[in-house]
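One structure below.
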Amino acid sequence: MPEKASIAVVGTGWWATTAHLPAMKAHPRIGKIVLVDRKREAAEAAARTYGIPLDNCYTSVAEAKAAHPDLQGAIVATTHHAHYAAAKDCLDQNLHLLLEKPMTVYARDAKALVEQAAAANLKILMGYTFPYLPPVAQAKRYIDDGLIGDIEYVACSMSSVTYDLLLGHPERFEPAGGFAVTGPTPQTYSEPTVAGGGQGVLQITHLAAMMFHLSPGMRAEVVTAFMNNLQAKVDVIDAMAVRMNTGALATVGSSGNLRPGDPGSVEVHLHGSKGRILVDGFTGEFFMHLHDGRQEHIPRHNPGYPGDVPLAKFVEILLDGADPLFPGRIDGLYTVELLEAAARSAARDGHPIFVRDLYA
């Protein structure tokens with residue numbers, strides 16, 4: 001194994017320049033950073049900001065790999081609808097992936113990526129963040145140890161401040177100090193052909209992935225959903241009812257219509273045959289109550305946002321051979337299946353959608 005990782009960043013927009021590139025520049029085990037963007041000027045703007053040689057900027061993954069055959073992995077942080085093509089390009093070049101959420105817009109594409117990676121012995125780490133928080137990790141340990149027994153029902157709720165993005169007004173979302181390099185365009189999260197959806201693919205993807213992470217073996221089987229766009233072109237408020245392959249039932253809901261100053265919630269409440277656990281990624285709250293009377297509680301606090309942790313875990317995959325904590329099959333594919341089925345159901349006024357029919 002080499003001592004330092006060589007990584008390409010595919011897509012040099014808001015999240016890449018706000019989260020990934022600063023973390024990469026600060027990481028002592030990253031040697032080479034290569035930037036790929038179909039708009040070369042975007043890659044060069046990011047390169048100038050973070051002191052990356054302009055010669056390390058390219059407009060395709062194939063071009064970057066040809067110039068830098070030592071590349072080991074790639075971070076894909078393009079717009080949602082571009083995830084599949086960008087990720088496939090990286091796998092075609094034999095690169096491990098840190099893939100931003102959602103994995104893809106369509107389940108068929110997510111399944112193709114999972115199968116291609118497996119066939120090439122490549123690893124896909126999904127860029128989810130909340131499960132790295134200590135309260136969520138504690139919930140995972142207890143569930144894996146069987147403390148709440150077989151999971152029978154899961155109630156998931158996420159509320160966040162995303163309405164301005166979904167309306168196409170990213171300028172209202174801009175931080176006081178401005179964006180690091182560039183921010184979202186008006187179309188990034190508001191135009192269906194670019195965003196692939198609204199609150200579901202932008203936020204519920206976090207919630208659903210955390211649910212599947214905490215619920216071993218669980219996968220959506222049938223989904224019924226309703227969605228409200230309010231004044232946007234994409235969904236802002238979502239309500240889903242799900243039957244899982246294990247027989248467990250789940251409700252998954254979200255609103256993006258909070259206002260600045262409201263911390264929101266990303267809450268998964270798991271009910272099992274021996275008790276229940278509630279955990280919230282935004283507030284850090286953890287609560288467990290078992291049928292035998294045992295209780296544990298971590299009150300609400302400020303757990304922080306571990307935005308740099310996915311990169312650190314990706315480096316461990318590249319240099320140490322570690323396995324992804326959030327692999328493409330479970331946290332990527334299963335989440336996309338749920339979201340696509342929900343979108344199809346909502347488009348048919350709540351008609352139940354079988355996940356198997358996504359592949360028909």
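The values are calculated or read from the model by the stated rules, or taken from the named source; none is laboratory data. Note that the structure is a prediction, hence the values are computed from the model and not measured. Every residue, glycine among them, receives a Cβ derived from its backbone with ideal geometry; neighbour counts consider all protein chains shown. Just so you know, the surface numbers come from the protein's heavy atoms only, side chains and all, with ligands and any DNA or RNA stripped out. Shrake-Rupley method; radii C 1.70, N 1.55, O 1.52, S 1.80 Å.
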Over 31 Å (Cα to Cα) - which of K25/K233; K32/K88; K88/K274; K39/K313; K233/K313 fall in this group = K25/K233; K88/K274; K233/K313
Given Cα pairs under 8 Å that are at least 6 residues apart, what percent is the relative contact order of the stretch 16-165?
-> 13 percent
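Filter the trypsin sites (Lys or Arg not before Pro) in the stretch 226-313 to those in DSSP coil with at most 11 other Cβ atoms within 10 Å of their Cβ, and list the result.
Working: sites: K233, R243, K274, R276, R294, R300, K313; in loops: K233, K274, R294, R300.
In loop regions of the stretch 226-313 (DSSP not H, G, I, E or B), the sparsely surrounded trypsin sites (Lys or Arg not before Pro) are R294.
Name the GluC sites (Glu not before Pro) in the stretch 1-94 that are in a loop by DSSP and that have at most 12 other C-beta atoms within 10 Å, would you?
Working: sites: E3, E41, E44, E63; in loops: E3.
Listed in order of number, the matching sites are E3.
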Scan (1) 1.07; (2) 0.96; (3) 0.99 for the value of Rg/Rh (Cα atoms, Kirkwood Rh) calculated from this model and give just the label.
-> (2)
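Counting alpha carbon pairs within less than 8 Å and at least 6 residues apart, what relative contact order, in whole percent, applies to the chain? All intermediate terms of the calculation are to be shown ahead of the outcome.
Working: 818 pairs, mean separation 73.5, N = 360.
For the chain, the relative contact order is 20 percent.
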Using only alpha carbon pairs under 8 Å that are at least six residues apart, calculate the relative contact order of the stretch 235-332 and give it in whole percent.
-> 13 percent
Percent accessible area from carbon and sulfur atoms, the stretch 83-127, protein chains only, probe 1.4 Å | 46 percent
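Are there any chymotrypsin sites (Phe, Trp or Tyr not before Pro) in the stretch 258-323 that are in a DSSP loop and have at most 12 other Cβ atoms within 10 Å? List them by number. Kindly include the intermediate steps, with their values, before the conclusion.
Working: sites: F282, F286, F287, F314; in loops: F282.
The qualifying sites: there are none.
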Global geometry of the stretch 270-360, whether rounded, prolate or oblate, following the gyration tensor of its Cα atoms and the 1.5 cut on a/c = oblate
Per residue, accessible area of the chain with a 1.4 Å probe, heavy atoms of protein chains only, in Å², comes to 41 Å²
Cut-off 17 Å, label 7 Å out along Cα→Cβ of Y305, residues of the stretch 267-297 by amide N | 267, 280-285
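Please report, in debye to the nearest 20, how large the charge dipole of the chain is about its Cα centre when each Lys and Arg carries +1 at its beta carbon and each Asp and Glu carries -1 there.
Numbers: 30 positive and 38 negative charges, 28 e Å.
It comes to approximately 140 debye.
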Is the shape of the stretch 231-311 rounded, prolate or oblate, going by the alpha carbon gyration tensor and its root eigenvalues a ≥ b ≥ c, with a/c under 1.5 for rounded and a/b larger than b/c for prolate?
-> oblate
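Only four residue types carry charge here, +1 at the Cβ of Lys and Arg and -1 at the Cβ of Asp and Glu. Report the dipole size of the stretch 180-327 about the Cα centre in Debye, rounded to the nearest 20.
Values: 9 positive and 14 negative charges, 68 e Å.
So the magnitude is around 320 debye.
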In the stretch 174-306 the accessible area split gives carbon plus sulfur, as whole percent at 1.4 Å, a share of 52 percent
For R329, what charge total do you get from the other residues with a beta carbon under 14 Å from its beta carbon, if Lys and Arg give +1 and Asp and Glu give -1?
-> -2
Rounded, prolate or oblate: which fits the stretch 82-241 when a ≥ b ≥ c are the square roots of the eigenvalues of the alpha-carbon gyration tensor, with rounded for a/c under 1.5 and prolate only if a/b beats b/c?
-> oblate
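Give the ranking of K65, K39, K88 by solvent-accessible surface, highest area first, calculated with a 1.4 Å probe.
Working: K65 35, K39 115, K88 70 Å².
The most accessible residue leads, giving K39, K88, K65.
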